[in-house]
Amino acid sequence: MPPPNPPEQHVPPDLFGRAHVRAATLKQRLPDEVFEPIAKEVLRRVAEARPSLRTFDLTERQREITELCDALLSADDRAAVDFIEARRLDGLSLEEMYLGYLSEAARNLGVMWDEDRVSFVDVAIGTSRIYAIMRTMSARFRTPAAINEKSALFASVPGEAHTLGIDMAADLFRKEGWEIELKTGQAHDQLVAEIRAVAPRLIGLSAGGKRSLKALGRLVVALRLATPCCSILVSGNILSEAGDTVEAMDVDAIAYDVHAARAMMEDLWNEARRAH
């Protein structure tokens, strides 16, 4: 994977700022029992990227990785991104920062959490910062595919037993000329892997009730890291029971009924076309 062009070598402060606000909102507005599986998902996803980078010598960088962990847990919101910027100026590629420093720092934070060396509050802060940095950087690894016809992927949140609503929505969109790929009844990792393989620009997620908050939160952050170029819309009965909580998640739109979903999907599709 080639490094990005020189003008893209830094993390723009305004872009990081927006990503950090989104991540901080997740931490502040979601209940602990909902945020905890999200934090674990972020740490797992980022840490799992580590083996795919073969040229990064971890043994020579342990002191710096410890420094990055300290920055992620510090009182300074900019400390971690400033650390990364300094290493980028030293000539490290985006890939080395992404798959080397950040993935190893995520693994270390996860171990510290498992061993009760850091509190949930500390990990929540560190995880939010990792997520913000990853959201800022990850889209540069992929070039979005061209958009020729209106298309989207619809999926029910893992654990949903009733999928009639999303089945009907898929049929309605198809009748209106959309190409819809529908995925229901799948486990979390399987669903994320299949969506990543398809790399859709638009994703519609359906959740049936408040009981699905944890599964929805995990799925959203996993998709943000696995398919960074996508736009995500959430619909379903979960909005009538916990709409405010869903709004706090890192989604692009929520739709309380099919009419709103149709209008919002059109808007998201138009935005995707303009951005390509």
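Bear in mind that the values in this text are calculations on the coordinates, not laboratory data. In this text the structure is predicted, and so the values were computed from the model without any measurement. Neighbour counts run over all protein chains shown; Cβ positions are idealised from the backbone, glycine included.
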Where only alpha carbons of region 185-243 are counted, the Rg and the Dmax (Å):
11.3, 32
Per-pair calculated FRET efficiency, R0 = 30 Å: R196 and A260 via Cβ, rounded to 0.05
0.65
Checked region 148-189 with the C-alpha gyration tensor, a ≥ b ≥ c its square-rooted eigenvalues, rounded below a/c of 1.5, otherwise prolate if a/b is larger than b/c and oblate if not; verdict oblate
Hey, any idea what Rg/Rh is for region 109-208, computing Rh the Kirkwood way over Cα pairs?
1.10
Starting from the 7 Å offset along Cα-to-Cβ, what nm value, one decimal, do you get for the label separation of E241 and L172?
2.1
Using alpha-carbon positions, the gyration tensor of region 166-276 gives root eigenvalues a ≥ b ≥ c; with a/c under 1.5 called rounded, otherwise prolate if a/b exceeds b/c, else oblate, the class is rounded
On a 27 Å Cα-Cα criterion, which of the cross-link pairs K40/K210; K183/K214; K40/K150 come out too long?
K40/K150
In whole Hz, with x marking every Gly and Pro, tabulate ³J(HN,Hα) for region 190-201 from phi via Karplus 6.51 cos²θ - 1.76 cosθ + 1.60, θ = phi - 60°.
4, 5, 4, 4, 5, 5, 4, 5, 6, 6, x, 7
Return the long-range amide H neighbours of S231 (sequence gap of 5 or more, or a different chain), with a cut-off of under 5 Å between placed amide H atoms.
L202, I203
Cβ charges +1 (Lys, Arg) and -1 (Asp, Glu), total dipole of region 192-276, debye:
320
Hypothetical label at R29: residues of region 190-226 whose amide nitrogen lies under 20 Å (7 Å Cα-Cβ projection)
203-225
